[in-house]
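Here the structure comes first, spelled out in structure tokens, and everything after it is commentary.
The values are calculated or read from the model by the stated rules, or taken from the named source; none is laboratory data. Since the model is a prediction, treat every value here as computed from it, not as a measurement. Backbone-built Cβ (ideal geometry, glycine too); neighbour counts: all protein chains shown. The area values use the complete protein model at the heavy-atom level, side chains included, leaving out ligands, DNA and RNA. Shrake-Rupley method; radii C 1.70, N 1.55, O 1.52, S 1.80 Å.
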Amino acid sequence: MSRSDISDNALKVLYRLHNNGFQAYLVGGCVRDILLGKEPKDFDVTTDATPEQVKELFRNCRLIGRRFRLAHVVFGREIIEVATFRGHHPNQDEEAKDNLSKQSDHGQLLRDNVFGSIEEDAERRDFTVNAMYYNIADFSIHDFAKGMQAIEKREISMIGDPATRYREDPVRMLRAVRFAVKLGMKISPDTANPMYELAPLMANIPSARLFEEVLKLLLSGQGLETYKLLNEFNLFEQLFPQLGPLLKTQNSRELAFIEQVLMNTDNRINSDMKVTPAFIFAALLWYPLEERCQQHMVEGGLNHFDAFNLALSDVLHRQIQRIMIPKRFTITVREIWQLQQRLPKRYGRRAFQMLEHPKFRAAYDFLLIRGQIEGGELLTLAQWWTDFQNVDPEERQGMLQALREKEGGGAPKRRSRYRGKKKAAQ
Ligand code: ATP
Ligand code: MG
């Protein structure tokens, strides 16, 4: 590994620890990625200094985390994570006394702050490719778990007994999938097999942590492939329980829609265009929303407008039980959904007001994909909006006039519009 591959800030942290008599290593994804010839996303440091000792060395340092305490050394936009070597957990009786570690009855680690040696630290890491350490004292690499061999075999392989390690932290299942896709590797059979059965443990993960993980999974630029692999292990339905029945179907337009949205997202990310997580959540939950809306109409006798608004809150409420989507995103999810109801209503000044809406662009993109998948009236509607944006402003009045003539007079009554929609859905 050459020092020119390592960020200056990471080197600063490593040298300062070293010069103060501590051990200091780069570890995890950065070592793995450099050895694979990729550019690391971030640099993680590990040391025998405690978080408090790290804080004393760096003015720009803050301590974070409860489950897993560590130090962040902040350099503008770059953050170097500095973790103290982790050790093994004492048995559960001892555990109660020291307050450093904690396990649930089914083996999940609720607190992981027992410090140890570098060898123990290596055993506590997840996959063999993630347990390589670069020592700043002599620039050597310590490969404790045959990580190099796994790189050559292109294999994601768990350190220790996979089932136990998944019970300790079920998020490791998501990580296995994420790394397999990101690194273009296979998950070894021993590491893959327990996942099918243990996938439901995802329900024990705090929803805020799952939000972070889901963003990493879906906004990686390889979201479609990641989704497919998650689905193979029944993990996707754990993240989006309302999609459960749908994911078991094949070749449905609902799945085609999800795949199209993920493909578009990947393309946008890979060409440095902006994406909002809200768009993806809106898309993933669109069909559950439609289904719930129908249910409110059929079973509850509500009109479409009320049923839709009620369904929208239901669906979001259920989803945030599992994934804590922050409010700023759920607001946008709602807007994208509500605008789907408004996009067909173009009479009078409505079409012009719509163009000015801050979320018009997202809602229009959403409609385009729906049209692409469903065809029919939706495709015509999407096409109309494409044209409406592209023509000269003077021609827009003409388009609205043509629309009025085609549909025979003024705005159709609410009832008939709803019937048309229902027919299209069927
Ligand atoms: P990337 O940063 O590219 O997403 P990474 O491997 O660096 O990948 P991080 O989440 O930054 O992943 O974690 C850094 C390292 O910490 C990992 O490589 C791994 O050794 C260890 N690690 C992280 N999360 C866990 C976990 N849940 N269980 C065990 N070890 C973990
Ligand atoms: Mg990392």
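Of the chymotrypsin sites (Phe, Trp or Tyr not before Pro) in region 314-347, which ones lie in a loop per DSSP and count no more than 15 other C-beta atoms within 10 Å? In loop regions of region 314-347 (DSSP not H, G, I, E or B), the sparsely surrounded chymotrypsin sites (Phe, Trp or Tyr not before Pro) are 347.
Apply 1/(1 + (r/R0)^6) to the Cβ-Cβ distance of residue 399 and residue 15, taking R0 = 45 Å, and write down the FRET efficiency to the nearest 0.05. Please report the intermediate quantities before stating the final value.
Numbers: r = 66 Å, r/R0 = 1.46.
E between residue 399 and residue 15, to the nearest 0.05, is 0.10.
Would you mind counting up the charge near residue 372? Only other residues with Cβ under 14 Å from its Cβ, with Lys and Arg at +1 and Asp and Glu at -1. Please report the intermediate quantities before stating the final value.
Numbers: positive: 253, 370; negative: 254, 259, 365, 374, 377.
Neighbourhood net charge equals -3.
Would you compute the Debye intensity of the chain from its alpha-carbon atoms alone, equal scatterers and no solvent, and pass along log10 I(q)/I(0) at q = 0.08, 0.10 Å⁻¹ to two decimals? Each listed q maps to, in turn, -0.57, -0.81.
Taking 60 Å as R0, compute the FRET efficiency from the Cβ-Cβ separation of residue 4 and residue 251 and round it to 0.05.
Working: r = 50 Å, r/R0 = 0.83.
For R0 = 60 Å, the calculated efficiency reads 0.75.
Solvent-free Debye calculation, one equal scatterer per alpha-carbon of region 1-153: log10 I(q)/I(0) at 0.10, 0.20 Å⁻¹ equals -0.36, -1.28.
Comparing 302, 198, 210 in a Gaussian network model of the chain (Cα springs below 10 Å), the most mobile by mean-square fluctuation is 302.
Cα centroid separation, region 164-187 to region 272-331: 29 Å. Pairs exceeding 18 Å between alpha-carbon atoms, taken from 345/406; 182/327; 153/186; 182/216; 216/274: 182/327. Kirkwood radius, region 1-47, all distinct C-alpha pairs, inverse of mean reciprocal distance: 10.8 Å. With both labels modelled 7 Å from their Cα along Cα-to-Cβ, the residue 59 to residue 36 distance reads 3.8 nm.
Looking at the chain, the accessible area is 50 square angstrom per residue; that uses a 1.4 Å probe and ignores ligands, DNA and RNA. Rounded to the nearest 500, the helix-only mean residue ellipticity at 222 nm of the chain stands at -17500 deg cm²/dmol, with each DSSP H run of n ≥ 4 adding -39,500 (n - 2.57).
Under the 0.36 nm per residue contour assumption, what length would be gained going from the current alpha-carbon distance of residue 320 and residue 197 to full extension? Full-extension gain reported as 41.9 nm. Whenever you get a sec, compute what percent of the accessible area on the chain sits on carbon and sulfur atoms (1.4 Å probe). Its accessible area is 48 percent carbon and sulfur atoms.
Using the alpha carbons of region 32-77, what is the convex hull volume per residue in cubic angstrom, as a whole number? It would help to have the intermediate numbers written out before the result.
Values: hull volume 5.0 nm³, N = 46.
It is 108 Å³ per residue.
Entry note, region 95-136: relative contact order of 22 percent, from Cα contacts under 8 Å with a spacing of 6+ residues.
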